[in-house]
Amino acid sequence: MPRMEVYLVGGAVRDRLLGLAVRERDWVVVGAEPEALQRAGYRPVGREFPVFLHPETHEEYALARLERKVGPGYRGFVTEFSPQVTLEEDLRRRDLTINAIAQRENGELVDPFGGRRDLEARVLRHVSDAFIEDPVRVLRVARFAARFKPQGFTVASETLDKMREIVRAGEMDALVPERVWQETERALGCDHPEVFFEVLRDCGALGAVFPELEALFGVPQPPKWHPELDTGVHTLLALEQAVRLGAPLSVRFATLVHDLGKACTPRERWPSHHGHEESGVALIEKLCQRLKVPAALRELAVLVARFHGKVHRALELRASTVLELFEAADAFRRSERFNELLLACEADARGRTGLEDRDYPQRAYLSRLRETAAGAVLDPAEIRQRRGAEIGAAIRAKRLSVLEAVKGRLE
């Protein structure tokens, strides 16, 4: 019977070697049966293969295992585990060499696939040919490229070739929506989320998982307003600016999809895209439904798509049009969401080559107008004189009057 051994594996080892903060620790157990861990007080939590929580630290301990491909997608595997599975066999099934380094309890590293070498070279490289068996790895590699962009990591050319092979085999179609969104959400939280989409495009996967985004590349825009010309390029530039502005996930997602409607413009109308705001709404709804994007993110994305053109023209709008914008965006009841709408619009405006540092006064202007109009309320005597809809109409009239006065002073 093999002797039971425990190794620290994966991200904890990788991040420590990179000098980064270790977020969580995962362990692999070699030479043990599930019953041995249960007798030691470990709590089983794995559904498809034996994973246990430590009785004190609650960290995950997984039995060393093998996987055999039997069907399409990332669920098409049969998992095999036994005390005879070696550490090297377990590490061989992992995605990247930098994630296939183990550490013994005494601190000694076990690195059979050159992970330390690739860490030093700043290369994301697949471990073995088994890489092509799991389409999730395409998303994971793209996410790691986004996450480790500040450290200078790039994807190895041979790994990109493997990713293209996965795409050509149609394996991306087998991904479940929840997993696609999970990886996308994590990528959007990185400092360079645009890299996630660039890598997916490089390997041909963007069209499989985000056809609405792929369709934007090659669609021209008026050079007067968009020196970068290409709508897809602009989208990723705007996403970069959203990060630069410290935008939360909701704003980053809304920025990513704000121009989807431009892919619907007939070629004969290029580079103009009149009406793209509204045509993009249906595409956003479809994308969010397909990937099961949270409702709050979908709602903000729809608002940004629908109103970003009007926000950009805010300084030219009449007071009545500004009030209509506030009402349509529910700005008085949901002021925080309205502020996120304005932030996404600023990211859009800055996401243009050479215009990244241009002032965007529309954001402060509309924010001030909204705050002022929100304070326009009826006193008790005015309320007593009216009933039902009359009250709402009076409040609206007062808000309009205030907006006209404030606009006059600001202009």
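Quick note: the coordinates plus some simple rules give every number you see, no bench work behind them. Bear in mind that the values here come from a model prediction, so they are computed numbers and not experimental data. So basically every Cβ, Gly included, is an ideal-geometry build from the backbone, and we count neighbours across all protein chains shown.
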| Footprinting exposure proxy for H258, H273, H226 (fewest neighbouring C-beta atoms within 10 Å first) | H226, H273, H258
| said: Just to confirm a number: summing +1 for Lys and Arg and -1 for Asp and Glu over residues other than R137 whose beta-carbon lies under 9 angstrom from that of R137, what do you get? | reply: -1
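Most exposed first by the Cβ proxy, i.e. fewest other Cβ within 10 Å, how do L341, L325 rank?
So the ranking, lowest neighbour count to highest, is L325, L341.
Diagonalise the Cα gyration tensor of region 214-348 and give the resulting equivalent ellipsoid semi-axes, square root of 5 times each eigenvalue, largest first, whole Å.
On the way: eigenvalues 97, 65, 43 Å².
Ellipsoid half-lengths, sorted descending, are 22, 18, 15 Å.
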| request: Tell me the chymotrypsin sites (Phe, Trp or Tyr not before Pro) within region 126-225 that lie in a loop according to DSSP and have at most 13 other beta-carbon atoms within 10 Å. | output: W225
| note | Relative contact order as a percentage, region 123-209, C-alpha pairs under 8 Å and 6+ apart, gives 42 percent
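For region 1-121, what's the relative contact order in percent, using C-alpha pairs closer than 8 Å and at least 6 residues apart? Show your work: numbers first, answer last.
Working: 225 pairs, mean separation 30.7, N = 121.
Once divided by the residue count of region 1-121, the mean separation gives 25 percent.
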| field | Distribution of pairwise C-alpha distances over the chain, 10 Å bins, in % | value | 4, 19, 24, 20, 14, 10, 6, 2, 0
| note | Quick note on L18, L160, L369, ordering by fewest other C-beta atoms within 10 Å, gives L18, L160, L369
| Separation of alpha-carbon centers, region 321-339 and region 169-202, rounded to whole Å | 32 Å
| Counted charge near S367, where neighbours are those whose Cβ lies closer than 13 Å (Asp, Glu -1; Lys, Arg +1) | 0
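If you average the sequence gap of Cα pairs under 8 Å that are 6 or more apart and divide by the length of the chain, what percent do you get for the contact order?
Working: 663 pairs, mean separation 39.9, N = 411.
Here the relative contact order equals 10 percent.
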| said: On alpha carbon coordinates alone, what is the Rg over Rh value for region 1-121, Rh being the Kirkwood radius? | reply: 0.96
| field | Values of log10 I(q)/I(0), in the order q = 0.12, 0.18, 0.19, 0.25 Å⁻¹, for region 123-209 under a Debye, Cα-only, solvent-free model | value | -0.29, -0.68, -0.77, -1.32
| task | At most 11 other Cβ atoms within 10 Å and a DSSP loop assignment: could you name the GluC sites (Glu not before Pro) in region 271-307 that fit? | result | none
| query | Taking trypsin sites (Lys or Arg not before Pro) as exposed when DSSP calls them loop (any state but H, G, I, E, B) and at most 14 other Cβ atoms lie within 10 Å, what is the longest stretch of the chain free of them, the sites themselves excluded? | reply | 123-223
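Dividing the alpha-carbon radius of gyration of region 164-223 by 2.2 N^0.38 Å (N being the number of residues), what value is obtained?
Values: Rg = 12.6 Å, N = 60, 2.2 N^0.38 = 10.4 Å.
Scaled against compact globular proteins, the figure is 1.21.
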